[in-house]
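Structure, as structure tokens:
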Amino acid sequence: MTHVLFVVSAADHWTLNDGTLHPTGYWAEELAEPHRRFSEAGWSITIATPGGVAPTIDRGSLTPQAAGGEDRAAEIIAYLGSIGEELDAPRSIDDIDVADYDVVFYPGGHGPMEDLAVDATSGALMTEALDTDRILAVLCHAPAALLAAKRADGSWPFTGYRMTGFTNEEEVIGGLAPKAPWLVQTRLVELGADFVEAAPFTAHVEVDRNLYTGQNPASSGELAARIIAVVAARS
């Protein structure tokens with residue numbers, strides 16, 4: 001059986017550059033759609049957060065406009081409700097052994113920019129997944145978590161890796177760029193990522209070695225499908 005670990009932000013806000021707290025958390029579709037697909041594939045799923053804190057959903061991600069219509073929003077809400085017990089009692093990432101998992105998956109939302117971007121435990125987990133050839137999948141704003149990864153010599157493990165994530169243009173369109181203390185794309189490029197962007201809010205996935213990245217919520221299904229196909233081919 002394939003074992004997948006979801007590492008989810010425990011933040012319920014994002015601190016903006018004027019000090020105000022923007023309510024956020026994880027983005028509904030980015031957790032729900034991959035989780036559903038992995039579950040239907042028969043995979044064993046574990047959810048973990050910093051400190052084992054139950055993750056907060058970004059309420060904005062449940063609106064029909066954000067989810068892709070009323071019916072789609074209702075589907076996502078219903079699915080998250082069906083896994084409510086898992087979400088209410090996650091494991092702590094401090095207690096996670098990467099060797100127990102085949103896939104490590106990070107859904108986005110602005111939450112990771114608040115906590116996972118500076119979480120050394122998460123950074124070490126990502127580095128170990130990368131170095132042990134496990135599939136490491138990071139979606140939308142979750143590439144912010146890559147910023148916390150560091151080798152013993154201080155170097156960034158993801159230098160030169162081709163990747164994508166929520167783009168500066170998408171952040172501008174979303175209206176939060178002027179208030180953001182930093183932008184995901186800018187920081188990744190500064191560290192040495194080979195960042196590839198597609199048209200705003202279109203599905204886009206990049207794969208470089210065992211790093212799988214998706215640009216935005218619309219990429220959730222494609223990212224999960226690519227991972228499932230690779231795992232199936234290995235079996």
* Asked: Tally Lys/Arg at +1 and Asp/Glu at -1 over every other residue whose Cβ is under 13 Å from the Cβ of Glu114; what's the total?
  -> -4
* Summing -39500 (n - 2.57) over the DSSP H runs of n ≥ 4 in the chain and dividing by its residue number, what mean residue ellipticity at 222 nm do you reach, to the nearest 500 deg cm²/dmol? -> -9500 deg cm²/dmol
* To do: Over region 180-228, with every protein chain in place, what whole percent of the accessible area is carbon and sulfur at 1.4 Å, could you tell me?
  => 53
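Roughly how many Å² is the accessible area per residue of region 1-151, as a whole number, for a 1.4 Å probe?
39
Report the local net charge at Asp100: Lys and Arg +1, Asp and Glu -1, summed over other residues whose C-beta lies under 12 Å from its C-beta.
-2
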* To do: With a cut-off of at most 12 other beta carbons within 10 Å, and DSSP calling the residue loop, which GluC sites (Glu not before Pro) in region 141-235 qualify? Please list them.
  => none
* Which Cα, out of Ile93, Leu139, Leu16, lies furthest along the positive dipole direction of region 16-153 (beta carbon charges, K/R +1, D/E -1)? -> Leu16
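Tell me, what is the percent relative contact order of the chain, built from C-alpha pairs under 8 Å that lie six or more residues apart?
21
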* Check Leu139: other-chain or 5+ apart residues with amide H under 5 Å from its amide H, H built from backbone geometry? -> Tyr106, Gly108, Gly214
* Accessible surface of region 14-68, 1.4 Å probe, proportion on carbon and sulfur as whole % -> 49
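Give the relative contact order (percent, whole number) for region 125-235; include only Cα pairs under 8 Å separated by 6+ residues.
Normalised by residue count, the contact order of region 125-235 is 31 percent.
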* Asked: Which residues does a label at Ser82 reach in region 25-66, if reach means a backbone N under 13 Å from a point 7 Å past the Cα toward the Cβ?
  -> 32-42
* **Rg/Rg_ref, the chain, where Rg_ref = 2.2 N^0.38 Å and atoms are Cα** => 0.92
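Explain nothing, just the number: dipole magnitude of the chain about its Cα centre with +1 on each Lys and Arg Cβ and -1 on each Asp and Glu Cβ, in debye rounded to the nearest 20.
Dipole magnitude for the chain comes out near 320 debye.
Quote the charge dipole size of region 1-42 about the Cα centre in Debye, to the nearest 20; the model charges only the Cβ of Lys and Arg (+1) and of Asp and Glu (-1).
160
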* Can you tell me the dipole magnitude for region 97-166 around its Cα centre, using point charges on the Cβ only (Lys, Arg +1; Asp, Glu -1), in Debye to the nearest 20? => 320
* **Estimated vicinal HN-Hα couplings, Hz - region 36-50 in sequence order (Karplus 6.51, -1.76, 1.60; Gly, Pro = x)** => 4, 5, 5, 5, 5, 7, x, 7, 8, 10, 10, 10, 9, 9, x
* Which residues make up the longest stretch of the chain clear of trypsin sites (Lys or Arg not before Pro) that lie in a DSSP loop with no more than 16 other Cβ atoms within 10 Å, not counting the sites? -> 1-149
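The values are calculated or read from the model by the stated rules, or taken from the named source; none is laboratory data. Small disclaimer: the values here were computed from a predicted structure and weren't measured. Note: ideal-geometry Cβ built from the backbone for every residue, glycine included; neighbour counts use all protein chains shown. Heavy atoms of the whole protein, side chains included, go into the accessibility calculation; ligands, DNA and RNA do not. Shrake-Rupley method; radii C 1.70, N 1.55, O 1.52, S 1.80 Å.
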